[in-house]
Amino acid sequence: MSSVPLPILFIMAVFFTFWLILRKFHRLEQKKRALPDLAGYLDANKQAEARCSACDCTEFKDEGLSHGKDARRIISCARCNTLLYRFDPPEQPG
Ligand SMILES: [Zn+2]
């Protein structure tokens with residue numbers, strides 16, 4: 001048997017689980033930030049009008065990059081949830 005007390009093992013397991021969740025969340029966040037803008041997306045997929053690159057759906061949904069009201073939007077497919085491209089608002093003067 002291990003000499004590490006059971007409560008310590010339990011706490012370590014909890015921390016490890018949190019770390020896994022955080023890492024997954026962070027990976028998704030990086031994936032969103034690495035998305036091309038609309039022009040880059042159209043160019044990469046040789047499209048004139050944006051369609052989902054995975055299922056050809058033309059219905060999209062958008063969400064804020066870091067929170068719901070974030071002006072930087074992430075556009076994803078409404079049908080299969082594939083992340084497609086990002087939309088950055090023009091810089092606001094002032
Ligand atoms: Zn799709």
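Just so you know, all these numbers are worked out from the coordinates, no wet-lab data involved. This structure is a prediction, so every number in the text was calculated from the model and none was measured. Note that each Cβ is placed from the backbone with ideal geometry, even for glycine, and that neighbours are counted across all protein chains shown.
If we scan the stretch 3-24, do we find a residue that is surrounded by 11 or more Cβ atoms within 10 Å (Cβ to Cβ) and aromatic (Phe, Trp, Tyr)?
No, every residue in the stretch 3-24 fails to be surrounded by 11 or more Cβ atoms within 10 Å (Cβ to Cβ) and aromatic (Phe, Trp, Tyr).
Which residue pairs have Cβ atoms under 8 Å apart, sit 6 or more places apart or on different chains, and have a first residue in the stretch 68-92 that is part of a loop (DSSP other than H, G, I, E, B) and a second that is among the aromatic types (Phe, Trp, Tyr) and more than 8 Å from the ligand (Cβ to nearest atom)?
These pairs meet every condition: 72/87; 78/60.
Quick check on my filter: what residues within the stretch 55-67 are part of a loop (DSSP other than H, G, I, E, B) and closer than 20 Å to residue 25 by Cβ?
Within the stretch 55-67, 65, 66, 67 qualify.
Can you find a residue in the stretch 53-61 that is surrounded by 10 or more Cβ atoms within 10 Å (Cβ to Cβ), under 14 Å from the mean Cα position of the chain (by Cα) and without any contact (Cβ under 8 Å) to a residue 40 or more places away in the chain?
Yes, that holds for at least one residue.
Could you count how many residues in the stretch 28-40 are within 21 Å of residue 91 (Cβ to Cβ) and either touching a residue at least 12 places away in the same chain (Cβ under 8 Å) or in contact with a strand residue (DSSP E or B) (Cβ under 7 Å, 6 or more places away or on another chain) (or both)?
7
Looking at the stretch 62-81, which of the residues that are within 11 Å of the ligand (Cβ to nearest atom) and loosely packed, with under 13 Cβ neighbours inside 10 Å is farthest from residue 40 (Cα to Cα)?
80
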